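The values are calculated or read from the model by the stated rules, or taken from the named source; none is laboratory data. Nothing here was measured: the structure is a model prediction, and the numbers come from that model. Cβ sites come from the backbone with ideal geometry, for glycine too, and all protein chains shown count toward neighbours.
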């Protein structure tokens, strides 16, 4: 488990954009949570104030990619084919968490769902579903 | 080289709409942090630019800009197109956005995008957008999205700072 944690944390740390939005990895057993601590530069609407939807989407996509990399036992992040993001509540100026579930890894395409929340796990602020090229397919391409 | 800082042109957008759009970008901290900007506005249509920056790389091996940057850029530009379609500008909030990735962005190059609000309803605005380096005929990504119109109706400044009951 330590090796998975280190591997994922190291792979994420190598991504400049993950540092730009301040992502942190929290791995308990095989349960991965990405944490995006609040930062002033993440705000989209300064009047409410609310997090930028794009950043919440980015957190969800990074979580899906990381979970899929773990499930595929690779340090190479998969390529995104498409993502759909539903916004349920405005993101308040506090820390945001996200978890992803790999629904299916096919021979060529993987299907992943992810959810982001703040205070309460049961009240997600946004959800994502996406399709990604499986690492096998990328290697063969 | 992509065009460096093309001069902003604002054909067919009223002063009120234009001011709203410019200040929306100017006062969006995440847009400023990414360096994204509006380069042209017409009724219901906007063009913009996301500059290539090392700190925004999502694939260190190939030095490609992160998908999350495009998500934010296309979301912001699409919301702006919805506002640019209005006679009287109001706030919008993203209901959902779907992004299709056709290919990775070219390393070292700015990403351009254009967004078109093709239907503005009383409650919902529908927008599509495309991101590219040179021409929309060779797209990096395509987005379609829906926005709630007048999203902050009744909500006051600092509403998100209060504890929810």
- prompt: Which residues, taken from the stretch B:1-21, are buried (at least 16 other Cβ atoms within 10 Å of the Cβ) and at pLDDT 65 or above?
  reply: B:17, B:18, B:20, B:21
query: Has the stretch A:14-24 got any residue that is facing chain B (nearest Cβ under 8 Å), surrounded by 19 or more Cβ atoms within 10 Å (Cβ to Cβ), without any contact (Cβ under 8 Å) to a residue 40 or more places away in the chain and out of contact with any strand residue (DSSP E or B) (no Cβ under 8 Å at 6 or more places or on another chain)?
result: yes
message: For the structure I just gave you, tell me whether residue A:24 is modelled with pLDDT under 95 and closer than 25 Å to residue B:52 by Cα.
response: yes
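Quick check, is residue B:157 modelled with pLDDT of 95 or more and facing chain A (nearest Cβ under 8 Å)?
So residue B:157 does not fit the description; no.
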- prompt: Can you tell which of B:145, B:151 is modelled with pLDDT under 95 and either surrounded by fewer than 17 Cβ atoms within 10 Å (Cβ to Cβ) or under 22 Å from residue B:89 (Cα atoms) (or both)?
  reply: B:151
task: Please enumerate the residues belonging to the stretch A:90-105 that are over 30 Å from residue B:157 (Cα atoms) and either touching a helix residue (DSSP H, G or I) at 6+ places or on another chain (Cβ under 9 Å) or within 14 Å of another protein chain (Cβ to nearest Cβ) (or both).
output: A:99, A:100, A:101, A:102, A:105
- prompt: For residues in the stretch B:54-72 being touching a strand residue (DSSP E or B) at 6+ places or on another chain (Cβ under 8 Å) and more than 7 Å from chain A (Cβ to nearest Cβ), which is farthest from residue A:64 (Cα to Cα)?
  reply: B:63
Any strands (runs of 3 or more DSSP E) falling wholly within the stretch B:94-165 and containing at least 3 residues that are free of Cβ contacts under 8 Å to residues at least 60 places away in the same chain and within 21 Å of residue B:51 (Cβ to Cβ): B:124-132
task: Scan the stretch B:86-103 for residues that are more than 7 Å from every other protein chain (Cβ to nearest Cβ) and modelled with pLDDT of 95 or more and jot them down.
output: B:102, B:103
